[in-house]
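Student: First the structure, which I've put down as structure tokens, then a few questions once you've had a look.
The values are calculated or read from the model by the stated rules, or taken from the named source; none is laboratory data. What you see is a predicted model; the values in this text were computed from it and never measured. For neighbour counting, all protein chains shown are included, and Cβ atoms are generated from backbone atoms with ideal geometry for every residue, glycine included. Side chains included, ligands, DNA and RNA excluded: accessible areas come from the protein's heavy atoms. Shrake-Rupley method; radii C 1.70, N 1.55, O 1.52, S 1.80 Å.
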Amino acid sequence: MEGEQPAGTLEDLLSFSQFQKHCKNYGYGGTIQEMRRKEFSRLAEVTYLDHIGTTLFPESLLQAFVADLSENVYGNPHSGNLSSRLTHDTIEHVRYRILQHFNTSSEDYTVIFTSGSTAALKLVAENFPWTSKSSRNSGSCFGYLTDNHTSVVGMRGIMKMFNVSSIPVTPEDLIESEAQTVKPHNDGTFHLFCYPALSNFSGTKYPLSWIKKIQTGKMLPARLPGNWAVLLDAASFVSTSPLDLAVYQPDLVNVSFYKIFGFPTGLGALIVSNHIGNLLKKTYFGGGTAAAYLSKEDFYVPKDSISDRFEDGTVSFLDIIALKHGFDVLQKLTGGMENIRNHTHALATYTYSVLSALHYTNGQPVICIYGDTEVRTCDLQGPIINFNVLDETGSVIGYTQVDKLASLCNIHFRTGCFCNAGACQKHLGISNAQVKSNLQAGHICGDEMDLIDGRPTGSVRISFGFMSTFEDVKVFLNFIVDTFIKKSFQGPLQIVDSEKFSRITLSQSESIGVGGKSPGKTGVTKNQLFSSLPIIENTCLCKGRATMATNNQPITLSRIYLYPIKSCAAFQVSQWPVAEQGLLFDRNWMIVNENGVCLSQKQEPRLCLIQPSIDMIRNTMIIQATGTPPIEVSLNECNSTAGICHNKVCGDRVHTYDCGEDVAHWLSSFLARKCRLIRQSSSFDRYAKRKGLVDPNSASLSLVNEAQYLLVNTASIFHLSQQIPLREGTDPADDLHGDQMTRRFRANLVIDSKIPFQEEEWNELFIGCLHFKVSGKCTRCQIICINQTTGEKKKEIFQTLSSNREGKVTFGMYLLNSSCSSYPSLLTVGSEIYYTTAETKED
């Protein structure tokens, strides 16, 4: 099936029989399904396609490792007792096992354990026998392929310290050098060239035959006198392919073991050819590396062994022992790396062929694949497919949007530039000037700015591992087809009469007062509600320049929601105080797991079933859930500072304190996992960001993500709801309409307007005496797919929103308090809305 597109209908393309017809080396002789059932049951409904990031460990590896630790006593290998000797001998056995895996021996190569592949590269940069540039010598050169990982390119920073030149080399330039090169004379200077055996961006396998050609001068990264040594970055390559060091003999090789076995993490190795290992220059020395040294005199003699000389301190010996079980289990499950290469190659080639065959009805391809060749033999291409999804006009759909849509189907892959800026620039056509311009626009590696001026800043990467299955491929391909090809009609945006929609939603939702009780027809007075708060009701003079209505139709505040516990159910009120951080008590608490990490509905949809309410007369927060007795938490803040702890919200460090064992037990019982309730400390200030930077002059935030308030418009919700039946054929009476639809957006303020999305044109907002600044659109995540009453997921709403909105999937507007407001003030349902737009401000 090399480069061949399978024929037939779409259904034929996605059939196992079609797959089997072209892919003969799949499944390890029919054992793959049993392997998945026994070793990877934890995957359940997850489709994991990020094996180049890390593969997944089989359960029997952990079982064997734990049994080993349970049966043996392993001491520090630097000691001389029996338990320490056992550790030392086991480590040496693992070294031999690693060399055996790569078909070599200790006579030719030495294994130096490091904390990872990056640490191995840094070790080379710091200890290679560099010759600094001088008036008499042009010095050493560090050359690297432009399609290299960040950790390789980063070595050039150390080159500056040694006064060594760094030269980026494109694959095309290196190949061209073979036809015109003449080996320069040798003056004893050593140069180093590094290239990846496998591009972690595109999956291109660069020829291992380059190793000898560079070493012998038949290919020259640069015309310089001296000897060229080769550092082969094999971290991605060896995860699914065999590397034979008896045939191909680089001077240095870096590997990362979690990419092969999934466990342990934080352990890599530099495999050093012994002839170059003895030339490495060591400056720093740590425990275990010295044969002798003096503390009062500059005297140090290293140990003879290359590995002993470079493994500073005590190695991660238990992790090293785990490697033995990794090799054993992998061999038992797959039969070896050749079988893994063939298995993953079959899956990747089939997936590539189907993706290449997908087109819209207008003939436009659905997928733009980034690669160096369409010929996908296992010698030329690894199990990686890098691509962007296109819409029917040929424009790129941002990778963040694709990722969010995939997560609705429990599909896990990686997006961005994958720590490979050179390949990213090449394949996406991003110039150096554009990279700098994108940085000025606020884009950094790892963020969600996937499109700038319509151009992609990154892409989507899927990659297969030894336990990947045809079912994984089919889920992924069905996701692409169902999400991007089977699109519904998208009607034009128009002014709609949402009165019926508003009546439906309001009739289904009572106006809540204190403690979750309805105030009834007569209502509850402000004094009864907030007798302890000095509510201020001045009129903002600045709203005189604002607009009250459009087409003589008043805009009103129809609902107020606060969320006392982050990611839990809404507490609806008819009137509520506004404080400096937003609605009083809004997102003051959050639930964290046993590691102190905040839980959200993305990981735990059942959070929406936890219903907090505030009773300010009794000074408590009441937490309820169906089938569980309620529990109360005092609104008074804990005065003790002993319990202050640190947590993170959207990357910001916040100071919190724990709310006690009783509520922790209540939450843990309901969610069936260990968790605790924590509250933000009032003595801690957190501020809204501008262009990603914290601004102490900006508004103060509670535990919200980005802004103090979120506003949505019923007309916008109604417009969106009308698209869903046309897209999926859903029942207009289901939970994607009416009040349930509104609740999915988890807004604080819901307004009734007649024009959908007019809120996106506003700069300022005036409600009663309160003045708000509009700080931007809300980029939506998968939580809008969760029914806030049942916890059930439906992906239609996000898919529809994605296809109806250009660029980012946004809905609703963020608001911040304006400095002209006085606190506490009162927001009341029914209040009229005044606003200004950019045009208003110019007038």
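So that you can scan it fast, the table gives a plain yes or no per residue for (1) free of Cβ contacts under 8 Å to residues at least 24 places away in the same chain; (2) open to solvent by 40 Å² or more (accessible area, probe 1.4 Å); (3) part of a loop (DSSP other than H, G, I, E, B):
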| residue | (1), (2), (3) |
| --- | --- |
| Arg309 | no, no, no |
| Val315 | no, no, yes |
| Gly326 | no, no, no |
| Leu333 | no, no, no |
| Tyr352 | no, no, no |
| Asn362 | no, yes, yes |
| Gln401 | no, no, no |
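Student: Assuming Gly154 fulfils every condition listed in (1) open to solvent by 10 Å² or more (accessible area, probe 1.4 Å); (2) more than 25 Å from Gly458 (Cβ to Cβ) apart from one, which condition is it?
Tutor: (2)
Student: Taking Gln63 and the conditions (1) surrounded by fewer than 19 Cβ atoms within 10 Å (Cβ to Cβ); (2) part of a helix (DSSP H, G or I); (3) at pLDDT below 95, which numbered condition does it fall short on, given that it satisfies the others?
Tutor: In the conditions (1) surrounded by fewer than 19 Cβ atoms within 10 Å (Cβ to Cβ); (2) part of a helix (DSSP H, G or I); (3) at pLDDT below 95, Gln63 misses (3) alone.
Student: Filter the range 560-600 for residues that are among the β-branched types (Val, Ile, Thr) and under 29 Å from the mean Cα position of the chain (by Cα); which is surrounded by the fewest Cβ atoms within 10 Å (Cβ to Cβ)?
Tutor: Just the residues of the range 560-600 that are among the β-branched types (Val, Ile, Thr), to begin with: 560, 565, 573, 578, 591-592, 597.
Checking the rest, the ones that are also under 29 Å from the mean Cα position of the chain (by Cα) come to 565, 591-592, 597.
Details: Ile565: 24, Ile591: 24, Val592: 22, Val597: 12.
By that ranking, first place goes to Val597.
Student: Can you confirm whether Thr47 is touching a residue at least 24 places away in the same chain (Cβ under 8 Å), in contact with a His (Cβ under 9 Å, 6 or more places away or on another chain) and among the hydroxyl-bearing types (Ser, Thr, Tyr)?
Tutor: Details: touching a residue at least 24 places away in the same chain (Cβ under 8 Å): yes; in contact with a His (Cβ under 9 Å, 6 or more places away or on another chain): yes; among the hydroxyl-bearing types (Ser, Thr, Tyr): yes.
For Thr47, the condition - touching a residue at least 24 places away in the same chain (Cβ under 8 Å), in contact with a His (Cβ under 9 Å, 6 or more places away or on another chain) and among the hydroxyl-bearing types (Ser, Thr, Tyr) - is met.
Student: Quick check, is Thr90 farther than 30 Å from Arg414 by Cα, among the hydroxyl-bearing types (Ser, Thr, Tyr) and at pLDDT 95 or above?
Tutor: On the way: farther than 30 Å from Arg414 by Cα: yes; among the hydroxyl-bearing types (Ser, Thr, Tyr): yes; at pLDDT 95 or above: yes.
Yes: the conditions hold for Thr90.
Student: Within the range 620-633, can one find any residue that is farther than 30 Å from Glu45 by Cα, open to solvent by less than 40 Å² (accessible area, probe 1.4 Å), at pLDDT 90 or above and part of a loop (DSSP other than H, G, I, E, B)?
Tutor: no
Student: Identify all residues within the range 172-231 that are assigned to a loop (DSSP other than H, G, I, E, B), open to solvent by 60 Å² or more (accessible area, probe 1.4 Å) and touching a helix residue (DSSP H, G or I) at 6+ places or on another chain (Cβ under 9 Å); write none if there are none. Write out each step before concluding.
Tutor: From the range 172-231, those assigned to a loop (DSSP other than H, G, I, E, B) are 181-189, 197, 199-203, 206-209, 216-226; that's our starting set.
Restricting the remaining residues to those that are open to solvent by 60 Å² or more (accessible area, probe 1.4 Å) gives 182-183, 185-187, 218, 223.
The answer is Lys218, Arg223.
Student: Which condition from (1) crowded, with 17+ Cβ neighbours inside 10 Å; (2) part of a helix (DSSP H, G or I) is the one that Pro77 breaks?
Tutor: (2)
Student: While we're here: Among the residues that make up the range 211-218, is at least one of them closer than 25 Å to Arg376 by Cβ, modelled with pLDDT of 95 or more and out of contact with any Pro (no Cβ under 9 Å at 6 or more places or on another chain)?
Tutor: No, the conditions are met nowhere in the range 211-218.
Student: Here is a further query. With the condition being open to solvent by 30 Å² or more (accessible area, probe 1.4 Å), I'd like the strands (runs of 3 or more DSSP E) fully within the range 760-832 carrying at least 2 qualifying residues.
Tutor: Output list reads 770-779.
Student: Looking for whichever is modelled with pLDDT of 85 or more and assigned to a loop (DSSP other than H, G, I, E, B) here; the options are Leu736, Leu703, Leu710, Leu720. Which one fits?
Tutor: That would be Leu703, the only listed residue that is modelled with pLDDT of 85 or more and assigned to a loop (DSSP other than H, G, I, E, B).
Student: Can you find even one residue in the range 151-163 that is of a type in the set (S, T, N, Q) and part of a loop (DSSP other than H, G, I, E, B)?
Tutor: Yes, that holds for at least one residue.
Student: I need the full set of residues from the range 429-476 which are open to solvent by 20 Å² or more (accessible area, probe 1.4 Å), among the aliphatic types (A, V, I, L, M) and under 21 Å from Thr55 (Cβ atoms), in order please.
Tutor: Val475
Student: In the range 328-345, which residues are within 27 Å of the chain's Cα centre (by Cα) and hydrophobic (A, V, I, L, M, F, W, C)?
Tutor: Ile340 - this is the single residue of the range 328-345 that is within 27 Å of the chain's Cα centre (by Cα) and hydrophobic (A, V, I, L, M, F, W, C).
Student: Also: Based on what the data block shows, is Asn103 assigned to a loop (DSSP other than H, G, I, E, B), in contact with a Gly (Cβ under 8 Å, 6 or more places away or on another chain), within 17 Å of Val238 (Cα to Cα) and not small (Gly, Ala, Ser)?
Tutor: For Asn103, the condition - assigned to a loop (DSSP other than H, G, I, E, B), in contact with a Gly (Cβ under 8 Å, 6 or more places away or on another chain), within 17 Å of Val238 (Cα to Cα) and not small (Gly, Ala, Ser) - is not met.
Student: Tell me whether the range 23-30 contains one or more residues that are open to solvent by 70 Å² or more (accessible area, probe 1.4 Å) and at positive phi.
Tutor: yes
Student: Consider only pairs whose beta carbons are under 8 Å apart and that are at least six residues apart or on different chains; among these, list those whose first residue lies in the range 201-218 and is farther than 30 Å from Asn388 by Cβ and whose second residue is among the β-branched types (Val, Ile, Thr) and open to solvent by less than 10 Å² (accessible area, probe 1.4 Å).
Tutor: Hits for this filter: Ile211/Val230; Ile214/Val230; Gln215/Val230.
Student: Give me the strands (runs of 3 or more DSSP E) completely within the range 242-299, filtered to those with at least 2 residues that are over 38 Å from the mean Cα position of the chain (by Cα) and of a type in the set (A, V, I, L, M, F, W, C), ordered by residue number.
Tutor: So the answer is 290-294.
Student: Kindly establish whether Ala357 is open to solvent by less than 20 Å² (accessible area, probe 1.4 Å) and either more than 26 Å from the chain's Cα centre (by Cα) or basic (Lys, Arg) (or both). Before you say what the answer is, go through the steps one by one.
Tutor: Values: open to solvent by less than 20 Å² (accessible area, probe 1.4 Å): no; either more than 26 Å from the chain's Cα centre (by Cα) or basic (Lys, Arg) (or both): yes.
It is false that Ala357 is open to solvent by less than 20 Å² (accessible area, probe 1.4 Å) and either more than 26 Å from the chain's Cα centre (by Cα) or basic (Lys, Arg) (or both).
Student: List, please: which pairs have Cβ atoms under 6 Å, are six or more places apart or on different chains, and start with a residue in the range 368-394 that is without any contact (Cβ under 8 Å) to a residue 60 or more places away in the chain and end with one that is in a loop (DSSP other than H, G, I, E, B)?
Tutor: Gly394/Gln364
Student: Working carefully through the options Leu86, Leu14, find the one that is more than 30 Å from His149 (Cα to Cα) and in contact with a Phe, Trp or Tyr (Cβ under 7 Å, 6 or more places away or on another chain).
Tutor: That would be Leu86, the only listed residue that is more than 30 Å from His149 (Cα to Cα) and in contact with a Phe, Trp or Tyr (Cβ under 7 Å, 6 or more places away or on another chain).
Student: Which number in (1) at pLDDT 90 or above; (2) surrounded by 18 or more Cβ atoms within 10 Å (Cβ to Cβ) marks the one condition that Gly513 misses?
Tutor: (1)
Student: Out of all the residues in the range 601-619, which are more than 12 Å from Gly791 (Cα to Cα) and either open to solvent by less than 30 Å² (accessible area, probe 1.4 Å) or out of contact with any strand residue (DSSP E or B) (no Cβ under 6 Å at 6 or more places or on another chain) (or both)? Before the answer, list the steps.
Tutor: Filtering the range 601-619 for residues more than 12 Å from Gly791 (Cα to Cα) gives 611-619.
Matches in the range 601-619: Pro612, Ser613, Ile614, Asp615, Met616, Ile617, Arg618, Asn619.
Student: Further, regarding this structure: Look through the range 366-383, keep the residues that are surrounded by fewer than 19 Cβ atoms within 10 Å (Cβ to Cβ) and over 27 Å from the mean Cα position of the chain (by Cα), and return whichever of them is nearest to Cys417 (Cα to Cα).
Tutor: If we take residues in the range 366-383 being surrounded by fewer than 19 Cβ atoms within 10 Å (Cβ to Cβ) and over 27 Å from the mean Cα position of the chain (by Cα), then Thr373 is nearest to Cys417 (Cα to Cα).
Student: May I ask you to list the residues in the range 16-28 that are out of contact with any His (no Cβ under 8 Å at 6 or more places or on another chain), more than 14 Å from Thr351 (Cβ to Cβ) and either in a loop (DSSP other than H, G, I, E, B) or not hydroxyl-bearing (Ser, Thr, Tyr) (or both)?
Tutor: Gln20, Lys21, Lys24
Student: Right, another one. Only one residue in Val402, Val460 is touching a strand residue (DSSP E or B) at 6+ places or on another chain (Cβ under 7 Å), aliphatic (A, V, I, L, M) and farther than 21 Å from Lys259 by Cα, so which one is that?
Tutor: Val402
Student: Give me a count of the residues in the range 592-619 that are in contact with a helix residue (DSSP H, G or I) (Cβ under 6 Å, 6 or more places away or on another chain) and in a strand (DSSP E or B).
Tutor: Total meeting the criteria: 2.
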